[in-house]
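Here's the structure, in structure tokens; my notes come after.
The values are calculated or read from the model by the stated rules, or taken from the named source; none is laboratory data. Here the structure is a predicted model, which is why all the values come from computation and not from measurement. Cβ placement follows ideal geometry from the backbone for every residue including glycine, while neighbour counts extend to all protein chains displayed.
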Amino acid sequence: MATLQARTLQALQQNQQALLTQWVASLQASGGSRNLKEEDLQHQASSFLGLIVAALDGGNGQSVATENWAQTRQFLEKLSHSRALAGQDSRQTANFIFALKGPLFALLQREYNEEPALLAEQLWEVSELLDTLGMHTIATFQKSREAVIQRQQEELLELSTPVVKLWDGVLALPMIGTLDSQRTQVVMESLLQRIVDTGSEIAIIDITGVPTVDTLVAQHLLKTVTAIRLMGADCIISGVRPQIAQTIVHLGLDLQGVVTKANLADALALALKRLGVSVSKAV
């Protein structure tokens, strides 16, 4: 099996600054420096090149999965995470490594100019090494992007389920969009915690913004109502439009025991009545 020659490593060590200059220039020309400060790019490129040389100097350059390459892998993982947060895509992130091929191949061509067979062998080895590092970077970048998306989804869920205090003892939760299991869980946690914090006796769930109600959505609503009752509070569902009422009837859904109102105003009026509060216009 072919291996990297000592001459290849020596050429890398002796030409690091020239490689770095050409590499950074290539990154800037290809748009790989977008959303990055020039000094940050210089530092990242210099650090990565130094880690490659150190890992190769330590031996076992065939496999980047070994302990010898641990620092390089950690560097790439941090790099991928920072690039994901900076808004770069996977192509730009991987190009950070692949752009090094041009200057490095040119260096090897000069080094093995009189030995074409050895040149081809070393080009192949270096290409495989950089490809492996590039694939590791892409995989890490993807995980980082998925983590960012997951966090954003959780934040959107929290923002889309605001619990509003309408009156002393009355909370309202306006629902907008489709209910699913994950969102129902967030709704329950937010609403139940607010009931505990405020000591409210009545919670109104407004589904005016829910486009459709099917069996699954109804089950989610019933679970939320049950949880509210277990906390010692009453629940009113408002925003039951004619289309939703017909759907519930056609589906044969059992909402017995659940108080429903056509709109939020009617639900609030009922809640105030239950609390013994009367509201009248000022004369």
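A few remarks follow.
Every residue, every condition in (1) surrounded by 16 or more Cβ atoms within 10 Å (Cβ to Cβ); (2) under 27 Å from the mean Cα position of the chain (by Cα); (3) modelled with pLDDT of 90 or more, yes or no:
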| position | (1), (2), (3) |
| --- | --- |
| Asn113 | no, no, yes |
| Pro116 | no, no, yes |
| Thr132 | yes, yes, yes |
| Phe141 | yes, yes, no |
| Leu157 | yes, yes, no |
| Ser160 | no, yes, no |
| Asp168 | no, no, yes |
| Leu179 | yes, yes, no |
| Thr184 | yes, yes, no |
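- For segment 251-283, taking the residues that are within 20 Å of Thr224 (Cβ to Cβ) and polar (S, T, N, Q), the one that is surrounded by the fewest Cβ atoms within 10 Å (Cβ to Cβ) is identified as Gln256.
- Given (1) closer than 19 Å to Arg183 by Cβ; (2) surrounded by fewer than 17 Cβ atoms within 10 Å (Cβ to Cβ), index of the condition His220 fails: (2)
- Scan of segment 173-190 for residues that are in contact with a helix residue (DSSP H, G or I) (Cβ under 7 Å, 6 or more places away or on another chain) and among the hydrophobic types (A, V, I, L, M, F, W, C), ordered by number: Leu173, Leu179, Val186, Val187, Met188
A quick yes/no check of all residues on (1) within 27 Å of the chain's Cα centre (by Cα); (2) modelled with pLDDT of 90 or more; (3) in a helix (DSSP H, G or I); (4) among the acidic types (Asp, Glu):
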residue	(1), (2), (3), (4)
Gln88	yes, no, no, no
Arg91	yes, no, yes, no
Pro103	no, yes, yes, no
Leu129	no, yes, yes, no
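- Residues of segment 64-114 satisfying the condition of being among the acidic types (Asp, Glu) and under 17 Å from Ser144 (Cα atoms): Glu77, Asp89
- Looking across Asp214, Asp234, one residue alone is at pLDDT 90 or above and of a type in the set (D, E, K, R). It is Asp234.
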